[in-house]
Amino acid sequence: MQALAELLNRSASRHSHLCPRQVLGVRMALTGAQALGLDLPRKDKNLLIIAETDGCFLDGLEIATGVSPGRRTLRIEDYGKIAATFIDVRTGEAIRLAPRLDVRSRALSYAPGESRHYFAQLTGYQVMPADELFSVTPVVLTTSVEDLVSRAGMRTNCAACGEEIINEREIIAGGEAYCRSCLGQTYYRVSAQGMQIFAGVDRVLISAADR
Ligand SMILES: [Zn+2]
Ligand SMILES: [Zn+2]
């Protein structure tokens, strides 16, 4: 087991400060991995974590577990919650951890003499027993582990926009492969300026074809 203080130091060095959410991230990492019987840090891909927010919490989680988006072992479903699901990829076993609802008030009793809530949490979260800190709920994933992880190296091209789609993220509709954007599952729309550029490119292409 890695030492808590060492992990907190490493997490804090990413921020130039240590905050309660980083402590929650580190402690959640240690608690979740232990509950699944997985040693930390991971150098393999047997632990997959789906975190429900970004930010400081995630740094604590990454530092202590060794998971990362780059290694495809950490995904974010941004629900704006300090919570995460830990998945043993080999067995499919999944548990979701979240701070207990009364965790802030409990922290006060673990930081005697500290009346400032922020600092009471910073101290309390480091020393509270894990079962007072987190709820641990066995869960069943609505998407299979195989689909979540998908096969790296797979590639196809969208039947509408032509852009390449990797890692089996295409959606099949009417027998054709499409990217999510072209099926309207998108986080952006092309700006008015972009539309003018497209229109201009179209005119150039059309006039070139006319010639
Ligand atoms: Zn922070
Ligand atoms: Zn497309």
Requested in this report: Would you mind telling me which numbered condition in (1) surrounded by fewer than 19 Cβ atoms within 10 Å (Cβ to Cβ); (2) at pLDDT 95 or above I49 fails?
Outcome: (1)
Report task. Name the strands (runs of 3 or more DSSP E) wholly inside the range 142-193 in which the number of residues that are within 11 Å of ligand 2 (Cβ to nearest atom) is 3 or more. Result -> 176-178
Query raised in the report: Can you spot a residue in the range 119-132 that is over 25 Å from the mean Cα position of the chain (by Cα), aromatic (F, W, Y) and either outside any strand (DSSP E or B) or outside the structural domain of P20 (by TED's automatic domain parsing) (or both)?
Result: yes
Query raised in the report: Scanning for something out of contact with any strand residue (DSSP E or B) (no Cβ under 7 Å at 6 or more places or on another chain), touching a residue at least 40 places away in the same chain (Cβ under 8 Å) and within 16 Å of ligand 1 (Cβ to nearest atom), does the range 45-59 turn up at least one residue?
Result: yes
**Report entry** Criterion violated by P129 - all others in (1) surrounded by 14 or more Cβ atoms within 10 Å (Cβ to Cβ); (2) closer than 26 Å to L36 by Cβ satisfied
**Finding:** (1)
Report task. Specify which of the listed residues (K45, K81) is closer than 22 Å to S144 by Cβ and in a loop (DSSP other than H, G, I, E, B). Result -> K45
Query - Members of the range 69-92 found to be loosely packed, with under 14 Cβ neighbours inside 10 Å and touching a strand residue (DSSP E or B) at 6+ places or on another chain (Cβ under 6 Å), listed by number - result: E77
Query raised in the report: Restricting attention to the range 27-39, does a residue exist that is more than 16 Å from ligand 2 (Cβ to nearest atom), touching a Lys or Arg at 6+ places or on another chain (Cβ under 7 Å) and part of a helix (DSSP H, G or I)?
Result: no
Query raised in the report: within 30 Å of Q22 (Cα to Cα), assigned by TED's automatic domain parsing to the domain that holds R71 and surrounded by 11 or more Cβ atoms within 10 Å (Cβ to Cβ), is that true of T137?
Result: yes
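The values are calculated or read from the model by the stated rules, or taken from the named source; none is laboratory data. The structure displayed is predicted, hence computed values, not measured ones. When we count neighbours, we look across all protein chains shown, and the Cβ atoms used for this are built from the backbone with ideal geometry, even at glycine.
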